[in-house]
Amino acid sequence: MGDESVLNVKCRILDLISELGDHEVQNIEEWITSQSYRKDLEQKRNLQRSEKQLIKIANTLRKIVPFEAEMTTEKIEPPTVGDQADCTKENTCHVDEFLYDDKHVDELVKSEKLTRFYCSQCNSRKTKELIFISHSMSRQALQYIFTVLLPKDLEDKKILDVGSRLGAVLYGAYYFSNASTIVGVEMNKELCEIQENVIKKYSMDANRIKVVHADIMERNDIVECSNIIIINVLDFFVDIEKHKDMWYFFKKHIKKGSYLVSNRSMADTLNSLDIYEDMIGWLNICKPNQIENEIFFDLEDYNELYLYTVN
Ligand SMILES: C[S@@+](CC[C@H](N)C(=O)[O-])C[C@H]1O[C@@H](n2cnc3c(N)ncnc32)[C@H](O)[C@@H]1O
């Protein structure tokens with residue numbers, strides 16, 4: 001980095017701290033002068049190294065799955081209840097966040113490969129904004145789950161991703177945590193094969209990470225021995241009755257003391273299915289275990305991730 005870039009960085013730092021009060025400036029000063037920022041910097045660089053692996057995997061996946069990352073063997077239907085019930089086939093576009101981050105989406109829009117709007121009346125200028133839906137978690141969400149929400153040491157823990165799809169959560173767990181067992185259960189065979197190919201291509205340790213082709217409700221054995229269960233919103237993949245059955249199944253089989261991570265509040269999910277009352281007292285919302293690492297994240301992006309303990 002030349003003198004000019006250093007000057008640029010100083011200018012950006014000044015811009016940022018000029019918006020702070022005296023007390024906050026003092027806090028930043030102490031962070032720098034006490035050298036504790038060096039530890040944070042080292043950790044940030046480690047995170048960036050792990051993230052690079054996920055970027056490589058996303059590049060591989062983009063070449064093997066269709067643009068919308070949906071398989072012809074899948075049945076994906078807009079839900080009729082919950083906060084995504086406003087999605088229809090016409091107003092919704094599936095853009096997988098693990099494959100396409102915000103910068104990538106901007107580039108796709110610029111090159112007209114993707115549009116953010118649809119015409120609500122043909123040939124008219126009355127356009128509406130499309131709803132972008134991702135069926136995978138983004139790299140940033142995965143980093144947040146493993147470096148802020150969950151405890152640091154997961155060495156003797158078993159992680160289960162319910163409906164592992166392209167494997168985003170599994171790869172996140174592999175590179176951002178030290179969990180000894182990482183299992184994805186996915187009901188679509190084609191998606192399981194894709195995950196297995198990625199695991200092999202990146203020479204991941206097959207004793208640590210694996211994919212099981214099954215309906216989760218047939219694998220209570222896997223649920224019962226897991227300590228951390230990650231569940232991305234399932235609304236597009238199961239009908240209301242099945243969705244309810246799945247939550248009764250989880251309540252019965254997830255063991256006490258486990259963690260449950262979800263990307264929508266459980267109150268919202270259970271209320272939309274009208275089963276909230278039956279689940280009262282089952283879950284406790286929890287504070288992040290590694291709150292000190294929030295320094296690495298823009299928190300506005302992470303208010304949609306929830307950590308619970310199971311009673
Ligand atoms: C929203 S995607 C989640 C992808 C992944 N967990 C992530 O967050 O990146 C939900 C996935 O769950 C799968 N799924 C839905 N119901 C399932 C069930 N009963 N058993 C196994 N997989 C299921 C779907 O096929 C779909 O791939």
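The numbers here are math on the coordinates, done by the rules we state, and not lab data. Just so it is clear, the model here is predicted, and its values are computed rather than measured. Here the Cβ is made from the backbone with ideal geometry for all residues, glycine too, and neighbour counts use every protein chain on show.
State which entries of Lys56/Lys200; Lys158/Lys242; Lys56/Lys110; Lys157/Lys210; Lys152/Lys252; Lys244/Lys287 exceed 18 angstrom in Cα-Cα distance in the structure shown.
Lys158/Lys242; Lys56/Lys110; Lys152/Lys252; Lys244/Lys287
Only Cα pairs within less than 10 Å get springs; with that Gaussian network setup on the chain, which residue of Ser164, Ser258, Ser124 has the largest fluctuation?
Ser124
Subtracting the Cα-Cα distance from 0.36 nm times the residue separation, let me have the gained length for Asp274 to Glu70 in nm, one decimal. Please report the intermediate quantities before stating the final value.
Values: separation 204, 0.36 × 204 = 73.44 nm, distance 2.88 nm.
My answer for the length gained is 70.6 nm.
Helix-derived [θ] at 222 nm for the chain: sum -39500 (n - 2.57) over DSSP H runs of at least 4, divide by residue count, nearest 500?
-12000 deg cm²/dmol
When the scattering of the chain is computed by the Debye formula from its Cα atoms alone, each counted once and equally, what is log10 I(q)/I(0) at q = 0.14 Å⁻¹?
-1.18
Can you tell me the relative contact order of the chain? Whole percent, Cα pairs under 8 Å, sequence separation 6 or more.
Relative contact order here is 16 percent.
Taking only Cα atoms and a 10 Å spring cutoff, compute GNM fluctuations for the chain and point out the largest among Ala214, Ala141, Ala173.
Ala214
Please work out how much length the chain gains when fully extended from Asn178 to Val109, using 0.36 nm per residue of separation minus the C-alpha to C-alpha distance, in nm with one decimal. Spell out each step's value before the answer.
Working: separation 69, 0.36 × 69 = 24.84 nm, distance 3.73 nm.
Separation in residues times 0.36 nm, less the Cα-Cα distance, equals 21.1 nm.
May I ask you to derive the relative contact order of the range 139-310, considering only C-alpha pairs under 8 Å and at least 6 residues apart, and to give it as an integer percent?
26
Need the list of aspartates and glutamates near Lys189 for cross-linking: C-alpha distance under 14 angstrom, and skip anything on the same chain fewer than eight residues off.
Qualifying aspartates and glutamates at Cα under 14 Å: Glu70, Glu74, Asp215.
Among DSSP beta bridges lying fully in the chain, give the percent that are antiparallel, nearest 5. Working shown, then result.
On the way: 10 of 31 bridges.
Among the beta bridges of the chain, antiparallel pairing accounts for roughly 30 percent.
Tell me the label-point distance for the pair Gln26, Ala267, using the 7 Å Cα-to-Cβ offset, in nm and rounded to one decimal.
3.7
Kirkwood Rh over alpha-carbon pairs of the range 214-266, then Stokes-Einstein at 4 °C and 1.567 mPa s: what D in µm² s⁻¹, rounded to an integer?
My calculation gives 111 µm²/s for D.
Please say if the range 130-172 is rounded, prolate or oblate, where rounded means a/c under 1.5 for a ≥ b ≥ c the square roots of the C-alpha gyration tensor eigenvalues, and otherwise the choice is prolate for a/b larger than b/c and oblate otherwise?
Here the range 130-172 falls in the oblate category.
Taking only Cα atoms of the range 139-310, what ratio of Rg to Rh do you get with Rh as the Kirkwood inverse-distance radius?
Result: Rg/Rh = 0.94.
When the chain is fully extended, how far beyond the present Cα-Cα distance does Ile291 get from Lys251, taking 0.36 nm per residue of separation?
Numbers: separation 40, 0.36 × 40 = 14.40 nm, distance 2.78 nm.
Answer, rounded to one decimal: 11.6 nm.
Could you tell me how far the Cα centroid of the range 269-288 sits from the Cα centroid of the range 101-158, in Å?
26
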